[in-house]
Amino acid sequence: MYRYTEHDRDFLRARVAEFRDQTERYLAGGLGEDEYKQLRLRNGLYVQRQAPMLRIAIPYGMLSSDQLRALGHVTRTWDRGYGHVTTRQNLQLNWPRIADVPDMLAHLAEVDMHAIQTSGNCIRNTTCDPLAGATADEIEDPRPWCELIRQWSTLHPEFNWLPRKFKIAVTGAVSDRAAVQVHDIGLRLRHDDSGATGFEVLVGGGLGRTPHIGQVIRDFLPAADLLTYLAAVLRVYNLEGRRDNLYKARIKILVNALGIDAFRDKVEAEWSASKHQDDTFTDADIERLRAMFPVPPSLQADAPEAQAGVDARLATDPVFAQWYRTNTRAHRDAGRRSVYLPLKNDERPAGDITDAMMDQVATLAERFSLGELRTTHEQNLVLAHVPVASLEALWRQARAIGLATPNLGHLTDMIVCPGLDFCSLANASTLTLYDQVQARFDDLDYVHDIGEISVKVSGCMNACGHHHVGDIGILGVEKSGEEWYQLTIGGHAGDAAAIGRRLGKALPQHEVIDAVERLLQTYLAERLDAESFHDAVRRLGVEPFKERVYAIAA
């Protein structure tokens with residue numbers, strides 16, 4: 001992973017000292033609320049429904065074991081002993097005292113971490129495939145490019161006050177595990193016929209109040225032009241994006257209003273005029289970054305014997321076999337596998353991890369995955385480079401700490417925003433629905449019979465729970481002071497992303513879990529062979545599901 005230089009560390013220390021002075025002046029009455037708000041947001045500090053919230057940056061989801069232990073220490077010392085992994089691959093702490101935040105940031109700075117640009121109308125944390133550098137279907141490792149974007153975008157003077165927040169995702173694999181089609185800018189690494197590296201560039205994706213799937217603006221952008229082209233896109237948006245209406249200020253609104261061809265023309269004109277003056281980088285620069293992400297030592301020679309041992313265990317232990325099939329993925333090196341540690345079960349809210357578990361996962365990363373791990377936009381963790389010979393030992397240790405539930409990509413592996421319990425923007429609670437799903441569908445055999453399916457829950461139209469792109473999406477709405485929920489079905493976040501279709505009228509909270517079960521019953525009754533829920537909805541349409549839910553509800 002990227003190693004900070006002394007220049008980087010000096011910058012972080014100076015930033016912490018600056019924010020400490022600002023916070024002390026605010027607490028002493030020397031800075032007004034509005035003045036301090038802009039300063040704290042640029043350092044990831046929100047004021048939420050019940051308490052402040054600190055959002056800590058985890059660039060492209062990469063963490064070292066030392067960094068995870070530092071996060072555990074911060075949550076234990078200055079918060080309530082747990083953190084929440086977000087759909088931006090960051091970590092949120094929901095109970096810090098404002099006076100303590102500079103100390104928290106100072107401690108994190110010692111392990112090369114910060115909270116810069118995790119809020120505000122700026123370029124946010126760049127996300128990527130959690131299996132980057134490990135997956136066999138990868139064209140090229142996207143992490144060096146994510147790091148290049150991070151360095152370029154951090155405190156960029158021109159793009160520090162955009163019309164609204166701006167999100168970029170990068171994938172280097174054939175399969176999209178980074179949801180690039182629902183980002184302001186999505187980047188897919190490509191090779192042209194000569195083998196040169198470049199990007200397919202998508203713009204105008206996003207969820208929230210008006211969801212849109214991103215559109216291709218460039219089929220192939222040479223890699224050397226990446227930063228200048230990103231600058232051109234951002235400059236057009238910065239100059240022409242709406243600033244008079246909070247809900248219409250995202251780039252997706254501008255792209256939709258102009259049309260992709262007109263927007264492309266504006267970007268190409270801006271790029272032609274400015275690319276020779278904008279930030280550039282050399283081949284040596286990107287090679288230096290690539291060297292920060294080396295390929296792990298090969299275990300290929302040990303693979304046949306190690307896999308034979310695993311296969312023997314799979315044949316005799318159905319519990320281990322279920323975990324292996326569900327929570328592990330093929331690695332580019334046959335002697336390794338990537339292992340997901342789901343943060344979803346009936347013991348804790350979705351995406352939550354305690355300080356003790358942070359310490360324990362840090363130890364697992366050191367023992368089994370070269371001392372590094374990743375967060376995912378699905379609110380889970382990944383150990384990317386586990387030796388096949390160590391899989392059973394890892395499984396036993398992960399199981400002992402509650403991180404081996406074999407539900408990855410299945411019904412109970414829900415994406416859930418914090419909702420009304422924490423967020424000041426939420427209209428309805430989300431954690432209650434999560435608990436109901438965990439309790440109602442606690443039979444893993446039934447969960448696996450359903451197959452892979454995504455349930456995503458948001459407490460408001462900002463869609464932090466990505467409900468628009470869930471097979472089953474649940475949106476909390478408020479009606480006369482009561483919590484109601486709008487259901488959508490048929491959404492998809494990966495390849496061929498799609499926005500879900502509304503099922504019908506909103507339901508009161510007590511009817512939602514029954515409605516989810518009826519959707520599943522309809523699917524199981526109507527599916528063809530191994531047809532997925534998503535494919536069944538595409539074939540059948542919404543009506544059969546709607547009839548089952550609302551006929552019984554009525």
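Read-outs: derived from the displayed coordinates by stated rules, not from any lab. Small disclaimer: the values here were computed from a predicted structure and weren't measured. In this analysis, Cβ positions are derived from the backbone assuming ideal geometry, glycine residues included, and neighbour counts consider all displayed protein chains.
Listed values, structure above:
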item	result
Trypsin sites (Lys or Arg not before Pro) lying in DSSP loop within the stretch 23-77, provided at most 15 other Cβ fall within 10 Å	ARG49
Counted charge near THR432, where neighbours are those whose Cβ lies closer than 10 Å (Asp, Glu -1; Lys, Arg +1)	-3
Rg ratio (alpha-carbon, reference 2.2 N^0.38 Å) - the stretch 415-553	0.99
Phi to ³J(HN,Hα) by Karplus 6.51 cos²θ - 1.76 cosθ + 1.60 over the stretch 85-100, Hz, x for Gly, Pro	6, 9, 6, 9, 6, 8, 10, 10, 10, 9, 9, x, 8, 4, 5, 8
The stretch 135-290 - Debye-derived log10 I(q)/I(0), Cα point model, q = 0.17, 0.19 Å⁻¹	-1.01, -1.27
Under 11 Å, Cβ to Cβ, from GLU138 - net charge with Lys/Arg +1 and Asp/Glu -1	-1
Cut-off under 5 Å, modelled amide H: who pairs with PHE159 long-range	none
Sum of -39500 (n - 2.57) over DSSP H runs of 4+, divided by residues of the chain (222 nm, nearest 500)	-12000 deg cm²/dmol
P(r) tail fraction, the chain - alpha-carbon pairs more than 38 Å apart, %	28 percent
Per principal axis, descending, Cα span of the stretch 104-165 in whole Å	38, 32, 15
Magnitude of the charge dipole, the stretch 426-554, Cβ model with Lys/Arg +1 and Asp/Glu -1, debye to 20	580 debye
Volume per residue that the Cα convex hull of the stretch 365-447 spans, once the total is divided by residue count, Å³	128 Å³
Alpha-carbon Rg/Rh ratio, for the stretch 330-387, with Rh computed the Kirkwood way	1.00
Per-peptide average of other Cβ atoms within 10 Å, ordering 536-542, 176-182 highest first	176-182, 536-542
Cysteines in the chain that, by Cβ-Cβ distance, have no pairing candidate under 4.7 Å	CYS122, CYS128, CYS146, CYS423, CYS460
Coarse-grained scattering of the stretch 6-109 at q = 0.21 Å⁻¹, given as base-10 log I(q)/I(0) from a Debye sum over alpha-carbon atoms	-1.21
Sites matching trypsin sites (Lys or Arg not before Pro) across the stretch 470-519 that sit in DSSP coil, with at most 14 neighbouring C-beta atoms within 10 Å	LYS505
Hydrodynamic radius by Kirkwood, which averages 1/r over all alpha carbon pairs of the stretch 114-224, in angstrom	14.4 Å
Sequence-distant residues sharing a close amide H with ARG218 (under 5 Å, placed H)	VAL201
Stretch in the chain that is longest and holds no chymotrypsin sites (Phe, Trp or Tyr not before Pro) that DSSP places in a loop and that have at most 15 other beta carbons within 10 Å	162-554
Centre separation in Å (Cα based) which lies between the stretch 221-265 and the stretch 455-505	26 Å
Karplus-derived 3J(HN,Hα), 6.51/-1.76/1.60, for each residue of the stretch 18-34, Hz, glycine and proline x	4, 6, 4, 5, 4, 5, 5, 5, 5, 5, 8, x, x, 10, x, 4, 5
Spacing of the two label points (7 Å from each Cα toward its C-beta) at THR5 and ILE98, in nm	3.7 nm
In the chain, lysine pairs closer than 20 Å at Cα, eight or more apart or cross-chain	14
Sequence of THR412, THR363 once ranked by neighbouring C-beta atoms within 10 Å, starting from the fewest	THR363, THR412
Rounded to whole Hz, the Karplus (6.51, -1.76, 1.60) HN-Hα couplings of the stretch 349-364, x for glycine and proline	x, 4, x, 7, 9, 7, 4, 5, 5, 4, 4, 5, 5, 4, 5, 4
Cβ-defined net charge surrounding MET53, 14 Å radius [Lys, Arg +1; Asp, Glu -1]	+3
Farthest toward positive dipole pole in the chain [+1 Lys/Arg, -1 Asp/Glu at C-beta], among GLY473, TYR4, ASN43	ASN43
Pairs of alpha carbons in the stretch 248-313 whose separation is greater than 14 Å (percent)	78 percent
